[in-house]
Amino acid sequence: MSTWREQLDDGADIDVVRDWVAGNYHYVSLVGFLIFAFFTRIRYWERFLTQGTVLYNGNDPFYHFRSVEYIVNNWPATMPFDPWTNFALGTSNSQFGTLFDQLIATGALIIGLGNPSEQQIRLAVLFAPVVFGTLTLIPAYVISRRVGGRFGGVLGTAVVAFAAGSLYQMGFVGSSDHHIAEGLFQAIAVLGVMVAVSVAQAEK
């Protein structure tokens, strides 16, 4: 039995390529959109490095850096109190995105092999919104595919990848705030509800 490459070399069956594209174009498209979304959100990352120091876009990312640094040093505990928020009285941090910070801190610990440097922590916070923003395409694809088939999945992924509004801005490198994680987890929650309703319809 000849292989796919042998069939191409022999010119025997161009339909093999056509069938492969027809059967897998949605996966190729998803990977392509993931690469595109990642690149467009990360391409200016060097602008946030000034004389070896990592700077962020806005005030909130610096809060998240302090929170992530605390979690790295006390993992898995999160920072219970921040004296710099509502300075000089300080405030409890229970209202902030501690899961967001904990995920970044866990990533920093993995990157730093259990003992990340301050620079590695700063870089983890810098790139975190890019990762969260890019990963949002995956549940967007699955949701769209459940509604509109494979082509619908590709179309839904394209809409998210090319979106130029808040979702893009929150997922841009240096804009480290918990709102980008809300977009990802909201998409996962919607997908979970869709799956639950499908199971209920099938079983009930």
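A few notes on this one:
- Among the residues listed as Gly152, Gly148, Gly107, the single one being over 11 Å from the mean Cα position of the chain (by Cα), surrounded by 16 or more Cβ atoms within 10 Å (Cβ to Cβ), part of a helix (DSSP H, G or I) and without any contact (Cβ under 8 Å) to a residue 12 or more places away in the chain: Gly152
- Scanning region 69-84 for residues that are open to solvent by less than 70 Å² (accessible area, probe 1.4 Å), farther than 16 Å from Val125 by Cβ and either part of a helix (DSSP H, G or I) or touching a strand residue (DSSP E or B) at 6+ places or on another chain (Cβ under 7 Å) (or both) yields a count of 1.
- The single condition among (1) hydrophobic (A, V, I, L, M, F, W, C); (2) closer than 15 Å to Arg41 by Cα; (3) in contact (Cβ under 8 Å) with a residue 60 or more places away in the chain that Ala163 does not satisfy is (3).
- Among all positions in region 85-101, there is at least one residue which is touching a residue at least 24 places away in the same chain (Cβ under 8 Å), open to solvent by less than 30 Å² (accessible area, probe 1.4 Å) and hydrophobic (A, V, I, L, M, F, W, C).
- Selection count, region 26-45, where residues are among the basic types (Lys, Arg) and either within 14 Å of Val159 (Cα to Cα) or in a helix (DSSP H, G or I) (or both): 1
- Every pair of residues 6+ apart whose Cβ atoms lie under 6 Å, when the first sits in region 23-43 and is of a type in the set (Lys, Arg) while the second is open to solvent by less than 30 Å² (accessible area, probe 1.4 Å) and part of a helix (DSSP H, G or I): Arg41/Val130; Arg41/Gly133
The values are calculated or read from the model by the stated rules, or taken from the named source; none is laboratory data. Bear in mind that the values here come from a model prediction, so they are computed numbers and not experimental data. Quick reminder, even Gly has a Cβ in these numbers, built from the backbone with ideal geometry, and neighbours come from all protein chains shown. Note: accessible area is taken over every heavy atom of the protein model, side chains too, but ligands, DNA and RNA are not part of it. Shrake-Rupley method; radii C 1.70, N 1.55, O 1.52, S 1.80 Å.
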